[in-house]
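S.K.: Below is the structure I would like to discuss, written out as structure tokens.
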Amino acid sequence: MDGFPFEGIYDFGGNMETRRHRSQNNTMVLNGGGGEIYRNFFYLPNKAYSVDDLMSVFYHRFTQEFCTEKFDVSEYKRHLKEKIKYALNLENEKMSRTQVEYAYPGFRLRYWTSKDFSNSSRLGNFLTPFISYENIAAALQIPLNFKTHGKFQGELINKISPALASYYSDYGYRFNETVPFKNIIKNNLTIFRPIWLRKNSYAIQHKLATFAPPDTLKENYIKAILPKGVRIMDQYFKIDDIKDPGLLGRVMTLEYMFQKLAL
């Protein structure tokens, strides 16, 4: 998988095995990746934003508490900003609300789902039908109030397949039901949370978290894959201070890559 999944390379091979199994018998796999083009993906109110604002609410999932002095936060942000501006063809750092919506397919999906698509396509027939130019262009025309709380997405799925809509979704309710009031309240707590607080939310949560690593990130397994220990990433991160299993898996994936390629 080239380390692209959320957990990096540390998954005991289950991710790849699942993909192989679903591609048996020349089955056409239709993946729902990118379906959030029909949602208010970044959970933001309907107004203009800057690139810095977008990075603060979505791309600030780290805390300097587990970063060493060698990790240059300003350099990280500078490169990230350049990538966003390039992907969205921005002339300056100001973004209209429509451009913010386009940042999901135009930037996030470009560097996330496209590589996942490539990996899955090696195994068999695989399509992500939501991620087409026509669908993305049409989704940008949908009024934001229909996309907020997933109203449009739920109605769309219910229209296409009532049977599918009758299953519980990852959001905690069926799409053939009205969005529960508790979900609306929960969403609004994020949507109307000040940008400065969203920027620091991850750091607060990480500080209060209790580290519960999966078996793939326990010392004996990491030692089997990295017998020489962590010798590169510890220059940038205080490994023992990371409580986020997903982030730790990606850091260890980078460590393996750098050691394997002698970078």
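S.K.: Taking +1 at the Cβ of each Lys and Arg and -1 at the Cβ of each Asp and Glu, which of Q259, Y221, P180 sits farthest along the dipole of the stretch 169-263 towards its positive end, judged by Cα position relative to the Cα centre?
M.R.: Final value for the positive-end residue is P180.
S.K.: Roughly speaking, what % of Cα-Cα pairs in the stretch 61-106 are separated by over 15 Å, rounded to a whole number?
M.R.: 53 percent
S.K.: Please enumerate, by chain and number, the aspartates and glutamates with C-alpha under 14 Å from the C-alpha of K151, excluding those fewer than 8 residues away in the same chain.
M.R.: List returned: E36, E177.
S.K.: One quarter of the convex hull surface, Cα atoms only: what value does that give for the stretch 123-263 in nm²?
M.R.: 13.6 nm²
S.K.: When the Debye formula is applied to the Cα atoms of the stretch 48-198, each taken as the same point scatterer, what base-10 log of I(q)/I(0) results at q = 0.11, 0.16, 0.17 Å⁻¹?
M.R.: Listed by q, the Debye log ratios stand at -0.59, -1.17, -1.26.
S.K.: Identify all aspartates and glutamates with a Cα-Cα distance to K207 below 16 Å; exclude those on the same chain that are fewer than 8 residues away in sequence.
M.R.: Within reach: E65, D240, D241, D244.
S.K.: Further, regarding this structure: Among Y76, L88, M1, pick out the residue whose Cα is farthest towards the positive end of the charge dipole of the stretch 1-98, where Lys and Arg carry +1 and Asp and Glu carry -1 on C-beta, about the Cα centre.
M.R.: L88
S.K.: About its Cα centre, what dipole magnitude does the chain give when the only charges are +1 on Lys and Arg Cβ and -1 on Asp and Glu Cβ, stated in debye to the nearest 20?
M.R.: Using only the charged Cβ atoms, the result is roughly 320 debye.
S.K.: Please report the projected area of the stretch 36-134's Cα convex hull averaged over all directions, in nm².
M.R.: 8.3 nm²
S.K.: A follow-up question, please. State the Kirkwood hydrodynamic radius of the chain in Å, one decimal place, computed from all pairs of distinct Cα atoms.
M.R.: Roughly 20.8 Å, rounded to one decimal.
S.K.: In Å², and per residue, what accessible area does the chain have when probed at 1.4 Å with the other protein chains present?
M.R.: Heavy-atom SASA per residue in the chain reads 60 Å².
S.K.: At 222 nm, what value in deg cm²/dmol follows for the chain if DSSP H runs of at least 4 each add -39500 (n - 2.57) and the sum is divided by all its residues, to the nearest 500?
M.R.: Result for the chain, helices only: -13500 deg cm²/dmol.
S.K.: Using +1 on the beta carbon of Lys and Arg, -1 on that of Asp and Glu, and nothing else charged, what's the dipole of the stretch 168-208 about the Cα centre, debye to 20?
M.R.: Values: 7 positive and 2 negative charges, 48 e Å.
Computed about the Cα centre, the dipole is about 240 debye.
S.K.: I would also like to ask the following. Say each of D72 and A224 gets a label point 7 Å from the Cα, pointing the same way as Cα to Cβ; how far apart are those two points in nm?
M.R.: 3.9 nm
S.K.: Among all lysine pairs in the stretch 8-128 that are eight or more places apart or on different chains, how many have alpha carbons less than 22 angstrom apart?
M.R.: Lysine pair count for the stretch 8-128: 13.
S.K.: Given the options A103, C67, Y133, identify the residue whose Cα lies farthest towards the positive end of the charge dipole of the stretch 64-167 (+1 on Cβ of Lys, Arg; -1 on Cβ of Asp, Glu).
M.R.: Y133
The values are calculated or read from the model by the stated rules, or taken from the named source; none is laboratory data. Not measured: the values here are computed from a predicted model. Cβ sites come from the backbone with ideal geometry, for glycine too, and all protein chains shown count toward neighbours. To get the accessible areas, we keep the full protein, side chains included, count just its heavy atoms, and leave off ligands, DNA and RNA. Shrake-Rupley method; radii C 1.70, N 1.55, O 1.52, S 1.80 Å.
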